[in-house]
Amino acid sequence: MRPPSSLFEPQANCIELAEGFFWLSAFVDTAPLLAQIDLIAAQAAFRHMQVSGGKHMSVAMTNCGPWGWTSSSSGYRYTHTDPLTDRPWPAMPDSFMALAQNAAATAGFENFEPDACLVNRYDSGAALGVHQDRDEQDLGQPIVSVSIGAAATFQVGGLKRSEPLRTLPLHDGDVLVWGGPSRLRFHGLKALKPMAGGLDTRHNLTFRKAK
């Protein structure tokens, strides 16, 4: 059961799109989350991480929590410290932990204890290629993904890269939760389009149990 808090929308819709894959529409008031993101970025700056082949991601990223996801030409891994500063990643705010646990519980995944929160920033044109989240030790724990700011088009497929992709329009405050038989579904985000009114930046919080 969610604790009483103005952060969560009491009438949020929870739709199961596939077994173990849930869309929680308008689940969270994101204004308080943006303030926390600013504090995190002041300690661990956003950066465009390198991937294999020497290219850099179009998405800017940082982390909070005991573990942070990092990427370089040598591969992907979780680290206790920020490679840019050699200091521990910023602590995960209590409000972030409450959000992740309540979203997971709403989708039927009780006792979620995330120890990593990836904080992504998408500017116009940024995209995230279709991939699986499989760098975590315990694949029995779900993924919780929170959309903040500009609208975006999420892509979700099956357990094989060759399976067709379904598109899902995400808006500010929407949360996706996937686990169980959907834990290793391929997914990604189409390039962010410029928006009218100056809202052309999207943030995303992705909560995981890394270790």
From G158, G173, G125, G108, residue being more than 22 Å from P66 (Cα to Cα) and at pLDDT below 95: G125
Every pair of residues 6+ apart whose Cβ atoms lie under 8 Å, when the first sits in the stretch 192-207 and is at pLDDT below 80 while the second is among the acidic types (D, E) and outside any strand (DSSP E or B): P194/D200
Of everything in the stretch 71-91 that's at pLDDT 95 or above and either under 19 Å from the mean Cα position of the chain (by Cα) or under 25 Å from K190 (Cβ atoms) (or both), which residue is surrounded by the fewest Cβ atoms within 10 Å (Cβ to Cβ)? H80
Name the residue that is surrounded by the most Cβ atoms within 10 Å (Cβ to Cβ), counting only residues in the stretch 115-128 that are of a type outside the set (S, T, Y) and out of contact with any Phe, Trp or Tyr (no Cβ under 7 Å at 6 or more places or on another chain). V119
Which members of the stretch 92-114 meet the condition of being buried (at least 17 other Cβ atoms within 10 Å of the Cβ) and in contact (Cβ under 8 Å) with a residue 60 or more places away in the chain? F96, L99, A100, N102, A103, A104, T106, A107, F109, F112, P114
Being aliphatic (A, V, I, L, M) and closer than 20 Å to S145 by Cβ is true for just one of A42, A104. Which residue is that? A104
Consider K209 against the criteria (1) touching a strand residue (DSSP E or B) at 6+ places or on another chain (Cβ under 7 Å); (2) crowded, with 19+ Cβ neighbours inside 10 Å: it satisfies all of them except one. Which criterion is unmet? (1)
Within the group G20, G65, which residue is closer than 23 Å to T167 by Cα and modelled with pLDDT of 95 or more? G20
Between V130, V146, which is within 21 Å of A31 (Cα to Cα) and either assigned to a strand (DSSP E or B) or modelled with pLDDT under 95 (or both)? V146
Residue tally, condition of a type in the set (A, V, I, L, M, F, W, C) and either surrounded by fewer than 21 Cβ atoms within 10 Å (Cβ to Cβ) or over 12 Å from the mean Cα position of the chain (by Cα) (or both), over the stretch 129-158: 6
Any idea how many residues of the stretch 52-78 are more than 20 Å from N204 (Cβ to Cβ), hydroxyl-bearing (S, T, Y) and part of a strand (DSSP E or B)? 1
Pull up the stretch 155-211, narrow it to residues that are assigned to a strand (DSSP E or B) and among the charged types (D, E, K, R), then point me to the one that is farthest from V59 (Cα to Cα). R166
Of all the residues that make up the stretch 12-34, how many are of a type in the set (S, T, N, Q) and assigned to a strand (DSSP E or B)? 2
Where the second residue is not in a loop (DSSP other than H, G, I, E, B) and the first is without any contact (Cβ under 8 Å) to a residue 60 or more places away in the chain and lies in the stretch 130-141, which pairs have Cβ atoms under 8 Å and are six or more apart or on separate chains? V130/Q155; V130/H187; V130/G188; H131/H187; H131/G188; Q132/H187
Residue check, S182 against (1) surrounded by 20 or more Cβ atoms within 10 Å (Cβ to Cβ); (2) over 23 Å from Q36 (Cβ atoms); (3) within 14 Å of the chain's Cα centre (by Cα); (4) not aliphatic (A, V, I, L, M), all met but one. Which one? (3)
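The values are calculated or read from the model by the stated rules, or taken from the named source; none is laboratory data. Since we're looking at a predicted model, the values are computed, not measured. Please note: Cβ atoms are built from the backbone with ideal geometry, for glycine as well, and neighbour counts cover all protein chains shown.
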